[in-house]
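Visitor: Supplied in structure tokens, the structure appears directly below.
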Amino acid sequence: MQSTSSENEKQAAWIYRAIGKVGRWVLRFIWPTKIFYPDNFIRDRRAIVICNHYGLADANPILSKLFGKKSNVVLKSELTRFQFIYEVLKQVGGIPVRRGEGDIAAVKKVVSALNREEQVLLFPEGTRNPQDIKEMLPFKDGAATFAIKTRSEIVPILLYRRPRPFRRNYMIVGQPFDLSAYYGQRLVEVKQDATYYIEHKMLELRAQIDCIVEQYRGNLKKYAACAQKERD
């Protein structure tokens, strides 16, 4: 009887994995997104991936085009109420977190994933921006805390606008950076300054993608040539 139960669990896990893999291709089709500088993305070592947050679809291009096998997504626990959704989310490394609470179990899962040299996606705004605007909400200190505690690099990603089905969107992957300037210091004393630093990096990325899309219509060659002239 126990053997049958184990076989059923394995079969169910295989089905959910298959759904997860097929889902990645479906996401690419429904939410077409052009990604600028995808080579900046870290796939071979631990990294905290951060992105601005409009809604549930924000993670789709990251999951379908950038993430590999060893990836994780921090998401609100409300999404796991339904067993089917929860099982599928587990196959893409979903880490449910209870917002507004000290969710120790979720924190341990994030740290464990980073210690396994995996990537973890989280949204530093903490909640979705209710309006389709460029301005971001104030950042929570979770990304800074994890980056300092685990000495992980941060990969900043920014969506140009709110994702909508079958509407072309743009996403930029910024240069990875670390918070080594804050290593060895008391976390409680530096995490807010580190969070401001992360916000500054994201604002720089916002200015960059706005310029690429609005001034150069997504033409990276023209943008790079102009940027080089300014540097010279």
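Visitor: Looking only at the stretch 98-137, which residues have a backbone nitrogen under 18 Å from a spot 7 Å from the Cα of L203 in the C-beta direction?
Guide: Only 124-126, 133-137 fall inside the zone, counting backbone N under 18 Å.
Visitor: Lysines near K134 by alpha-carbon distance under 21 Å, same-chain residues fewer than 8 away left out - which ones?
Guide: List returned: K34, K201.
Visitor: On to the next question. Just grab the label-to-label distance for D210 and D193, each label 7 Å out from Cα along the Cβ direction, in nm (one decimal).
Guide: Taking the two extended label points, one gets 2.8 nm.
Visitor: Pairs K65/K109; K149/K222; K191/K222; K76/K222: which are spaced more than 30 Å apart, C-alpha to C-alpha?
Guide: Working: K65/K109 24 Å; K149/K222 40 Å; K191/K222 38 Å; K76/K222 40 Å.
The pairs that break the limit, which is 30 Å between Cα atoms, are K149/K222; K191/K222; K76/K222.
Visitor: Could you tell me how far the Cα centroid of the stretch 178-232 sits from the Cα centroid of the stretch 102-132, in Å?
Guide: Centre-to-centre (Cα) distance: 21 Å.
Visitor: Right, another one. Are there GluC sites (Glu not before Pro) in the stretch 123-171 that DSSP marks as loop and that have at most 11 other Cβ atoms within 10 Å, and which are they? Mind showing how you got there, number by number?
Guide: On the way: sites: E125, E135, E153; in loops: E125, E135.
Listed in order of number, the matching sites are E135.
Visitor: OK, next. Can you pull out the trypsin sites (Lys or Arg not before Pro) in the stretch 105-138 that DSSP calls coil and that have at most 10 other Cβ atoms within 10 Å? Don't skip to the end; give the middle numbers.
Guide: Numbers: sites: K108, K109, R116, R128, K134; in loops: R116, R128, K134.
Qualifying residues, ordered by number: R116.
Visitor: Along the Cα→Cβ direction, 7 angstrom out, place labels at R231 and R128. What is the inter-label distance in nm?
Guide: 3.8 nm
Visitor: Tell me, how many Å apart are the Cα centres for the stretch 158-177 and for the stretch 29-64?
Guide: Between the Cα centre of the stretch 158-177 and that of the stretch 29-64, the gap is 8 Å.
Visitor: Ok, one more. List the chymotrypsin sites (Phe, Trp or Tyr not before Pro) within the stretch 148-232 that DSSP assigns to loop and that have no more than 11 neighbouring Cβ atoms inside 10 Å. Mind dumping the intermediate values first?
Guide: Values: sites: Y160, F166, Y170, F177, Y182, Y183, Y196, Y197, Y216, Y223; in loops: Y160, F166, Y183, Y216.
Here the chymotrypsin sites (Phe, Trp or Tyr not before Pro) that fit, given the DSSP loop and packing criteria, are F166.
Visitor: How much length, in nm to one decimal, is gained on full extension between K149 and F177, taken as 0.36 nm per residue of separation minus their Cα-Cα distance?
Guide: On the way: separation 28, 0.36 × 28 = 10.08 nm, distance 1.50 nm.
8.6 nm is the gain from fully extending K149 to F177.
Read the figures in this text as sums done on the coordinates, not as results from a lab. A quick note: this is a predicted structure, and the numbers were derived from the prediction, not measured. Every residue, glycine as well, gets a Cβ built from its backbone with ideal geometry; the counts of neighbours run over all protein chains shown.
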